[in-house]
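Below is one structure, written out as structure tokens; the observations come after it.
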């Protein structure tokens, strides 16, 4: 069985605001991509995400973005840990889904898959699971309280 995970969190903001916090590079850079994000997450775009605590800009390929519903991304990984995708590239598939809850909050679910069923693949999936969980927590405190949770967290 190939490694795959889903993490989720509830944010006390409406779906359009939460979706925009992921799609818009200026907002994403406030709470997650501490080295900056370049490019809006739109279908077919290739954007970059950079992190001060993990230097180096990462290319992020936007497979599909449907406003206020979901964003599908592909990004690279170690050839020993990530299986080749349909284009022959070693990239995982990330699905970010946004749902309005009855109380007006937004449920964000993030699923990532595409790792090899190897010790390297399992280790890489755990690392990314930690990263996406941190992203959700950072987004929640930024959108609800204006706090930059990642600042100084990793280094």
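Label zone of residue 6 (point 7 Å out along Cα→Cβ, amide N under 15 Å): in region 72-94 this covers 94.
Using C-alpha pairs below 8 Å separated by at least 6 residues, the relative contact order for region 4-145 is 28 percent.
Please compute the contact order of region 55-101 in relative form: average sequence separation of alpha-carbon pairs under 8 Å and at least six residues apart, divided by the residue count, as a percent.
On the way: 70 pairs, mean separation 15.3, N = 47.
It comes to 33 percent, rounded to a whole number.
When log10 I(q)/I(0) by the Debye sum over Cα atoms at q = 0.09, 0.20 Å⁻¹ is calculated directly from the model, which label among [x] -0.38, -1.30; [y] -0.24, -1.33; [z] -0.27, -1.39 fits? Correct label is [z]. In terms of packing, defined here as the mean over residues of other Cβ atoms within 10 angstrom, the peptides 84-93, 25-34, 8-17 line up highest first as 25-34, 8-17, 84-93.
Inter-part distance, region 1-77 to region 115-155, computed on C-alpha centroids, equals 12 Å.
Estimate the FRET efficiency between residue 80 and residue 148 by the formula 1/(1 + (r/R0)^6), using the beta-carbon distance for r and 41 Å for R0, to the nearest 0.05.
Computed FRET efficiency for residue 80 and residue 148: 0.75.
Let me have the 222 nm mean residue ellipticity of the chain computed from DSSP H runs of 4+ only, each contributing -39500 (n - 2.57), with the sum over all residues rounded to the nearest 500. Computed ellipticity for the chain at 222 nm equals -9000 deg cm²/dmol.
Here, each number is a calculation from the coordinates, and none is a lab measurement. All values derive from a computational prediction rather than experimental measurement. Heads up, the Cβs are rebuilt from the backbone with ideal geometry, glycines too, and the neighbour counts pull from every protein chain shown.
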